[in-house]
Amino acid sequence: MHDIPERYEPAEIEPRIQEHWESARVFKVTEDPAREKFYCLCMFPYPSGRLHMGHVRNYTIGDVIARYQRMLGKNVMQPMGWDAFGLPAENAAIENKVPPADWTRSNISYMRDQLKRLGFAYDWDRELATCDPGYYRWEQWFFRRLYEKDLVYRATAVVNWDPVDQTVLANEQVIDGCGWRSGAPVERREIPQWFLRITAYADELLDELERMDEWPEAVKTMQRNWIGRSEGLSIRFALSDGSGDLEVFTTRPDTLLGATYMAVAPEHPLATAAAASDPAIAAFLETCRHQSTSEAVIEKMDKLGMPLPVTVRHPLSGVDLPVWVANFVLMSYGTGAVMSVPAHDQRDWEFARKYELPIRQVIAPTDGAVCDIDAAAYTEQGRTVNSGEFDGLEFAAAFDAVARALEAQGRATRRVQYRLRDWLVSRQRYWGCPIPVVYDAEGTAIPESDDRLPVVLPEQIAWEGVASPLRNMPEFTTTILPDGSPGRRETDTFDTFFESSWYFSRFCSADSDSAMVDARVDYWMPVDIYIGGIEHAVLHLLYARFFHKAMRDAGLVKSDEPFKRLLTQGMVCKETYYRDSDNGRRQYFSPGAVEVDTDAKGRAVAARLLADGEAVTIGPVEKMSKSKNNGVDPQALIDRYGADTVRLYTMFAAPPDQSLEWSDSAVEGASRFLKTLWRLVHDHVSRDRVATPNRAMEDAKQRNLRRHIHETIVKVSDDISRRYKFNTAIAAVMELVNHIGRAAADDPAALDELLDGLDVVVL
RNA sequence: GCCGGGAUGGCGGAACUGGUAGACGCGCCAGACUCAAAAUCUGGUAUCCGUAAGGAUGUGGGGGUUCGAUUCCCCCUCCCGGUACCA
């Protein structure tokens, strides 16, 4: 090791050491009950084509933690795999006429090389891709276990339907109400789909959060609010004509006497029945049929409604209340109907104002403060007024009194309701795991038996048009039922969150072809630290928690929770550049294709497309993504500076949980630091140490350096293991290197301190 | 709309438990080396006034608690993530 070259040449040394790591299987691990295990996991990537900066940042954080834990002597597993099913592969298939399987596998191959080039300490023997039948057969197998436990059911749900392309669109594919390819106005369509009963686990998913003290508070709060447990009253209002009941759920029974109208969803039977004889209502429902299915869009649109020719009887006052159809009431929430109390709900208040419906105050502030119902709804809990025999009660007492009165009439039931809805796992797409179900001649669904699994997705396909080709493949859809009669195969595939809900368990026994997971899973699970983007705070992380509990209840794993500690990485963001084209759609340009002019303060003021020299609009700073085309390609930086520089810069630029606005000018600094360090080591490594240094002979400067070395060890250890602040750990090491460099110039005789310092810095 | 997060020099960020605001790095300025440049090294660099010593101001905006607030509380603005079929 004494013949270190004078110049730092990452392009030469990095591939050499990486080949050694690979050929010697340095990071391969097996279970060792004698040693403390550490399972370090980063969210696996979607193989989109090339690594982006978010990947580099994510996997560098994981690698720093994994290597630190190895240095502590733990048995560290750090695996890597591919979240390989998904929409982009279908788009590539449509655009480039290449089968999604081929496109995906070639992306995996390229990105695997990139990961190796970045030098991450992965146990590659555990690599998996979710599009391999050897992986997805086990979720088909588990689907049947869930079915047997009544955790699977079939029901109708609304989708975005593109009437031109004759296909279902993802929310992301609907732009201003139109299909992104066809440009045709999208329609809502109800179709039968498969659901997993995640709500059966709602209470456990909620309660367990209290004990997850190594998860960020923000993520737990988001999950709590998402689950949204509320206690309330399910009230059955009798239709005035005696033809039935209208059931609603409310968390505010204390406001019942303030209810002045009812609102139902456009798909509600009362609305569709009225539309049959009233063209105006039918026309309204028709406009609602083009409404978005996205909550963000629905909540921001104009709130519209129409009165229906029915009324309901108020169970306490006996007054008949009008029933309206309203575009913001969702059929998929609860019963598709709500009771409206405009005096005490702001949305109801605005709707009532717009349509001149009565606003009736029945709650007043407990402290006697004035509240002006003409200005806004009073939404706080208070004391009942204008409520006859229920007057003067505070929230809990009023709730109870109203509940008892209605229960006595058989008109209400106390109920716990969740905002969380069951997990819709059906996708009308080709590139996913086939849902293992067959239908008989009557259309009855029969889950596939274990001995007929996997249901293999045909990979060599000819893609015509836009819709999933599976429906037009008789060799796939035609099948024989267990009783020998002809059957038809389900052509829907699973939501890709299905695959990402258990891959961490599969990594523990990735080579098993006889079981979903085996006993090794209980050595490694739970994951000790899970690192990934904050954008997964709810959906992926909640589905994965649910799935793990369902696996536990099927006897497959012992742990209650899959992820002991969670580190949510902030987004890597970058300015967007675009032009609005004539058809109203936006064309985004990659930062590499654009030249940006800055003012004296370094702020971007204008941008031009390099290809034609014409101006492009500078858009907001957003998460680097394919759809915004604002990703910075790390490969160019790796080629120019080496992997260590890119990794160092990524860790130095910001703390991991903070969003990072990318700037490639500062990468130079990281490179400079590594060169300086290399030269210092080169200048000293061949010098011989004094055999037994005499610490008592150290002068003040030397003692000062030795003290600084040890302070840095404490600081860096704490920053990495407790604080997860890699930027300040690096800053501390830079300060130490500056100190060592000055000492080397001033006092070359202080060799023992210099060499000790360099040893520590290199570690 | 709702839920969660954020805002500190020209730029990225630091200040961990309420106690010297701006560590470390980028950029910029000056100097050394060089025929010259690059690279490298040394020094300076929050803003305003001042030759300087020094003074004043300063952590998105407004208010509050405190001997003391980037940090705690209330209100607001803007930005980011999620919003159930992007992953």
For this session: Can you send over the carbon and sulfur percentage of the accessible area for segment A:38-113, probe radius 1.4 Å, protein chains only?
Result: 52 percent
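Check each of the GluC sites (Glu not before Pro) in segment A:688-763 and keep only those in coil by DSSP with at most 16 other C-beta atoms within 10 angstrom; list them in order. Write down the numbers at each step before the final one.
Numbers: sites: A:698, A:711, A:735, A:753; in loops: A:698.
Answer by residue number: A:698.
What's the carbon and sulfur percent of segment A:225-366's accessible surface, probe 1.4 angstrom, rounded to a whole number? Walk me through the intermediate numbers first.
Details: 3190 of 5860 Å².
Carbon plus sulfur share of accessible area: 54 percent.
Taking a ≥ b ≥ c as the square roots of the eigenvalues of the Cα gyration tensor of segment A:304-359, is the shape rounded (a/c under 1.5), prolate (a/b larger than b/c) or oblate? Numbers along the way, then the final one.
Details: a/c = 1.40, a/b = 1.10, b/c = 1.27.
Note, shape of segment A:304-359 comes out rounded.
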For this session: Give me the accessible area of residue A:581, 1.4 Å probe, in Å² rounded to the nearest 10.
Result: 50 Å²
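Using only Cα atoms, figure out Rg for segment A:645-719 and give it as a multiple of 2.2 N^0.38 Å.
On the way: Rg = 17.4 Å, N = 75, 2.2 N^0.38 = 11.3 Å.
Output field value: 1.53.
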For this session: Run down the lysines and flag those whose C-alpha is under 30 Å from the C-alpha of residue A:558, throwing out any fewer than 8 positions away in its chain.
Result: A:28, A:37, A:74, A:149, A:220, A:549
Exercise. So how much accessible area does residue A:120 have, in Å² to the nearest 10, using a 1.4 Å probe?
Worked result: 10 Å²
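By how many nm would the segment from residue A:419 to residue A:396 grow when fully extended, if each residue of separation counts as 0.36 nm and the alpha-carbon distance is taken off?
My answer for the length gained is 6.1 nm.
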For this session: Classify segment A:8-165 as rounded, prolate or oblate from the Cα gyration tensor: take a ≥ b ≥ c as the square roots of its eigenvalues, call it rounded if a/c is under 1.5, otherwise prolate when a/b beats b/c and oblate if not.
Result: oblate
Exercise. Along segment A:297-310, what does the Karplus equation 6.51 cos²θ - 1.76 cosθ + 1.60 (θ = phi - 60°) give for ³J(HN,Hα), rounded to whole Hz, x for Gly and Pro?
Worked result: 6, 4, 5, 9, 7, 5, 8, 10, x, 8, x, 9, x, 9
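What Kirkwood hydrodynamic radius, in Å, does segment A:498-640 give when the mean of 1/r is taken over all pairs of distinct Cα atoms and then inverted?
Numbers: mean 1/r = 0.0531 Å⁻¹.
With all distinct Cα pairs of segment A:498-640 included, I get 18.8 Å.
With a 1.4 Å probe and all protein chains in place, put A:715, A:701, A:574 in order of accessible area, largest first.
On the way: A:715 75, A:701 130, A:574 35 Å².
From most accessible down to least: A:701, A:715, A:574.
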Seminar exercise, completed: Taking alpha-carbon centroids only, segment A:15-31 lies from segment A:480-540 a number of Å equal to 27 Å
Seminar exercise, completed: Under the 7 Å Cα-to-Cβ spin-label approximation, residue A:187 and residue A:350 lie apart by a distance in nanometres of 3.0 nm
Problem set entry | Gain in span if fully extended, residue A:333 to residue A:114, counting 0.36 nm per residue against the direct Cα distance | 74.4 nm
Exercise. Taking the Cβ of residue A:567 as the center, what net charge do the other residues with Cβ under 10 Å away carry, scoring Lys and Arg +1 and Asp and Glu -1?
Worked result: -1
Exercise. Rounded to the nearest 10 Å², what accessible area does residue A:288 show when all protein chains are kept and the probe is 1.4 Å?
Worked result: 10 Å²
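Which shape class, rounded, prolate or oblate, goes with segment A:118-169 when its Cα gyration tensor gives a ≥ b ≥ c as root eigenvalues, a/c under 1.5 marks rounded, and past that a/b bigger than b/c marks prolate? Display every interim value, and only then the final one.
Working: a/c = 3.39, a/b = 1.45, b/c = 2.34.
In terms of gyration-tensor shape, oblate.
Within the set of other residues whose C-beta is less than 9 Å from the C-beta of residue A:25, count the net charge using Lys and Arg as +1 and Asp and Glu as -1.
-2
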Exercise. Amide H of residue A:238: which non-local residues (sequence gap of 5 or more, or other chain) have their own amide H closer than 5 Å, using H built in the peptide plane?
Worked result: A:246, A:313
For this session: Scan around residue A:437 for amide H atoms under 5 Å from its own, H built in the peptide plane at 1.01 Å from N, and keep only partners 5 or more places away or cross-chain.
Result: A:448, A:490
Exercise. Tell me, how many Å apart are the Cα centres for segment A:208-224 and for segment A:132-159?
Worked result: 28 Å
For this session: Please turn the phi angles of segment A:109-121 into ³J(HN,Hα) values with the Karplus equation 6.51 cos²θ - 1.76 cosθ + 1.60 (θ = phi - 60°), one per residue in order, whole Hz, x for glycine and proline.
Result: 4, 5, 6, 4, 4, 5, 5, 5, 5, 7, x, 7, 7
Problem set entry | Positive-end residue of A:555, A:99, A:441, charge dipole of chain A with Cβ unit charges | A:555
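Calculate the dipole size of chain A relative to its Cα centre from +1 charges on Lys and Arg beta carbons and -1 charges on Asp and Glu beta carbons; express the result in debye to the nearest 20.
760 debye
As a test of the definition: which semi-axes, in Å, follow for segment A:670-763 when you take the square root of five times each eigenvalue of its alpha carbon gyration tensor? Largest first, please. If you can, show how the numbers build up before the last one.
On the way: eigenvalues 107, 51, 24 Å².
Its equivalent ellipsoid spans semi-axes of 23, 16, 11 Å.
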For this session: Would you please state which residues of segment A:128-151 a label at residue A:479 would reach in this model, taking the label point 7 Å out along Cα→Cβ and a backbone N cut-off of under 18 Å?
Result: A:132-148
Seminar exercise, completed: For chain A, the Debye formula with one identical point scatterer on each Cα and no solvent gives log10 I(q)/I(0) at q = 0.08, 0.09 Å⁻¹ as -0.84, -1.02
Exercise. Using a Förster distance of 45 Å, how high is the FRET efficiency between residue A:535 and residue A:389, based on the Cβ-Cβ distance and rounded to 0.05?
Worked result: 0.30
Problem set entry | Neighbourhood charge, 13 Å Cβ-Cβ cut-off, centred on residue A:405 and excluding it, Lys, Arg +1 and Asp, Glu -1 | -1
Exercise. At a 1.4 Å probe radius, carbon and sulfur cover how many percent of the accessible area of segment A:524-665?
Worked result: 46 percent
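With a probe of 1.4 Å, find how much accessible area chain A has per residue, and write the answer as a whole number in Å².
Roughly 45 Å² per residue, with all protein chains present.
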For this session: Would you pull out the residues with amide H under 5 Å of residue A:415's amide H, same chain only if 5 or more places away, H placed 1.01 Å from N?
Result: A:232, A:233, A:234
Exercise. Okay, helix-only estimate at 222 nm for chain A: each DSSP H run of n ≥ 4 adds -39500 (n - 2.57), divide by all residues, round to 500 deg cm²/dmol; what do you get?
Worked result: -10500 deg cm²/dmol
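To the nearest 20 debye, what charge dipole does segment A:195-284 have about its Cα centre, counting +1 at the Cβ of each Lys and Arg and -1 at the Cβ of each Asp and Glu? Let's see the in-between values first.
Details: 7 positive and 15 negative charges, 48 e Å.
Using Cβ point charges on Lys, Arg, Asp and Glu, segment A:195-284 gives about 220 debye.
At 1.4 Å probe size, put A:311, A:287, A:650 in order of accessible surface, largest to smallest.
Working: A:311 50, A:287 90, A:650 0 Å².
Descending order: A:287, A:311, A:650.
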Problem set entry | Selection from A:607, A:631, A:572 lying farthest towards where the dipole of segment A:497-636 points positive, charges on Cβ | A:572
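Please list A:67, A:672 in order of solvent-accessible area, largest first, computed with a 1.4 Å probe with all protein chains present. List each step's numbers first, then the result.
Numbers: A:67 60, A:672 150 Å².
Highest to lowest solvent-accessible surface, that is A:672, A:67.
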For this session: Note down the magnitude of the dipole of segment A:20-60 about its Cα centre, charges +1 on Lys and Arg C-beta and -1 on Asp and Glu C-beta and zero elsewhere, to the nearest 20 debye.
Result: 160 debye
For this session: Please name whichever of A:700, A:621, A:729 sits farthest to the positive end of the charge dipole of segment A:620-763, dipole taken about the Cα centre and charges placed at Cβ: Lys and Arg +1, Asp and Glu -1.
Result: A:621
For this session: Calculate, in nm to one decimal, what residue A:606 and residue A:701 gain on full extension: separation in residues at 0.36 nm each, minus their alpha carbon distance.
Result: 29.0 nm
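The values are calculated or read from the model by the stated rules, or taken from the named source; none is laboratory data. Everything numeric in this text was worked out from a predicted model, so none of it was measured. Note that each Cβ is placed from the backbone with ideal geometry, even for glycine, and that neighbours are counted across all protein chains shown. For accessibility, only protein heavy atoms count, side chains too; no ligands or nucleic acids. Shrake-Rupley method; radii C 1.70, N 1.55, O 1.52, S 1.80 Å.
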